[in-house]
Amino acid sequence: MAPIGRNGVEELLETIGDGQDARIPAVARTCLEALAMQLHLVNRQILEADRRVLAWHRSNEASRRLDRIPGVGPLIATALVASVPNPQAFKSGRDLAAWIGLVPKQNSSGGKDRLGGISKHGNRYLRTLLTIGALSVIRYAETHGTAHRPWLARLLERRPAKVAAVALANKIARMAWAVMARGEAYREPKVQTA
């Protein structure tokens, strides 16, 4: 009746709202109209929540500084500031990344270090947001080139995009700790020309 996806939902809502369309039985139309009203209500509530988060982000200096890091937007910045009110509680950015769950599991024995996948212990919400932000940086780099991010280019040559995204999320978490703990603004690293 309608294509899959956001555009399909809009098309389906128009079909439900058209009382003259005979493809939908009257009993089903009543139920679907109730669901459509709930969907509109939820969409309004989401927009209002987004406005509140954005307003808080604009009023918070630390959140605005974090927003300058590639892969970090208002949502991730506000989540970091809200989840980590005292960045000095962490000794380093690696400790913050470990707290979030963005470090590999260690199965070491007899002097042999064996690193596995990420531990997934810690703050699942922040880990998900940072990984999504890292994926957006990777997609941007794939589209516009990786010349200004040689570290990422080398990583993408060796590893799949999702593995690289977790490594980049770890790096973003470390940068976020530095920005929050030191109270400085993010500075883009200078690319060294050979």
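Readers should treat all values here as calculations from the given coordinates under stated rules, not as data from a laboratory. In this text the structure is predicted, and so the values were computed from the model without any measurement. Using ideal geometry, Cβ is built from the backbone for each residue, glycine included, and neighbour counts are taken over all protein chains shown.
For the range 1-32, the set of residues classified as part of a helix (DSSP H, G or I), within 33 Å of the chain's Cα centre (by Cα) and not β-branched (Val, Ile, Thr) consists of Arg6, Asn7, Gly8, Glu10, Glu11, Leu12, Leu13, Glu14, Leu32, listed by residue number. For Ala164, are the conditions met, namely being surrounded by 10 or more Cβ atoms within 10 Å (Cβ to Cβ) and more than 18 Å from the chain's Cα centre (by Cα)? No.
Checking each residue in the range 34-82 for being in contact (Cβ under 8 Å) with a residue 24 or more places away in the chain and over 27 Å from Arg139 (Cα atoms) picks out only Leu39.
The residues in the range 154-192 that are polar (S, T, N, Q) and within 19 Å of Leu129 (Cα to Cα) can be counted, and the count is 1. Summed over the range 1-60, residues that are more than 22 Å from Leu75 (Cβ to Cβ) and among the hydroxyl-bearing types (Ser, Thr, Tyr) total 2.
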